[in-house]
Amino acid sequence: MFQPQSKGASGAAMPTPFVVWFEHLGRGDVPLVGGKNASLGEMVCHLTQQGVRVPSGFATTADAYWRFVDANGLRETIAGSLGDLDSGKAPLAEAGSAIRRAFLRATWPADLAEAITSSYRELNRRSGKTDADVAVRSSATAEDLPDASFAGQQESYLNIRGAAALLDACRRCYASLFTDRAIAYRQAKGFDHLKIALSIGIQN
C-alpha cells in the first residue's frame, strides 16, 4: 500500500491523507480517489514506461473532502436540505441550491489548503513553470455499476492558474457533487448522499 507524501516546512517528506500523486494510484483506489483519478493513476503507472506521455498531476482524497465538509459543518446542511426535499418541504432546485451555496461559502482548513497548494508548487517545479495552467477534474468515489454510472455528473475546469484560483476551482468541484441532476440520480439509484465523497484531480 502506498504512503501518500507531502513536504513539510523543513522540506522533508511527511505523510498526508489529503493528496496522492497519480504515480501512486491504481485501479484499486476508487474508494480513495474515485474512478477517474484511479484510471489516471493506471495510465501514469503503465503507459509512461512505454513511452506514452501522460500529464503529471495529483489527486485530493476522500479524506480531504470529509475534512472540508466537517470543518464547515456541512453534513448538517446536507442532511437538513435533503430531509426537506424528502419530506416535500422544499423542491429539488431549492434543496440543491442551498447545499451548493453552503459549499461555495465554506472556507478551507489550513492543513488541507496547504496540502493542495504545496502539491501545486511541486507540480510547477516538475513542469519547470511558475503558476502553471492546470485542469481541475471531479472524480466521485462511488463505483459505477451495471445500472448506474456517475460519469460526467460533476464539474471540471480547465486553464486554472495560481494557488488561489486552484482552491476556488476545487471548492466549486466539491459543490458540484450536489447539482440537481446528481442529487436526483443518486436518489433514483438508492445511493446515500453522505456516503459518497469527491476527489479532485489536478493535472498539467
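The values are calculated or read from the model by the stated rules, or taken from the named source; none is laboratory data. Keep in mind that what you see is a predicted model, and the values were worked out from it rather than measured. Cβ sites come from the backbone with ideal geometry, for glycine too, and all protein chains shown count toward neighbours. The area values use the complete protein model at the heavy-atom level, side chains included, leaving out ligands, DNA and RNA. Shrake-Rupley method; radii C 1.70, N 1.55, O 1.52, S 1.80 Å.
Whenever you get a sec, compute what percent of the accessible area on the stretch 28-109 sits on carbon and sulfur atoms (1.4 Å probe).
Numbers: 2070 of 3910 Å².
On the stretch 28-109, the fraction of accessible area on carbon and sulfur atoms equals 53 percent.
Summarising the label geometry, the points placed 7 Å from Cα in the beta-carbon direction at Ala184 and Arg125 lie 4.7 nm from one another.
Per residue, the accessible area of the chain comes to 48 Å², computed with a 1.4 Å probe over protein heavy atoms only. Solvent-accessible area of Asp168, all protein chains in place: 60 Å² (probe radius 1.4 Å, heavy atoms, ligands and nucleic acids excluded).
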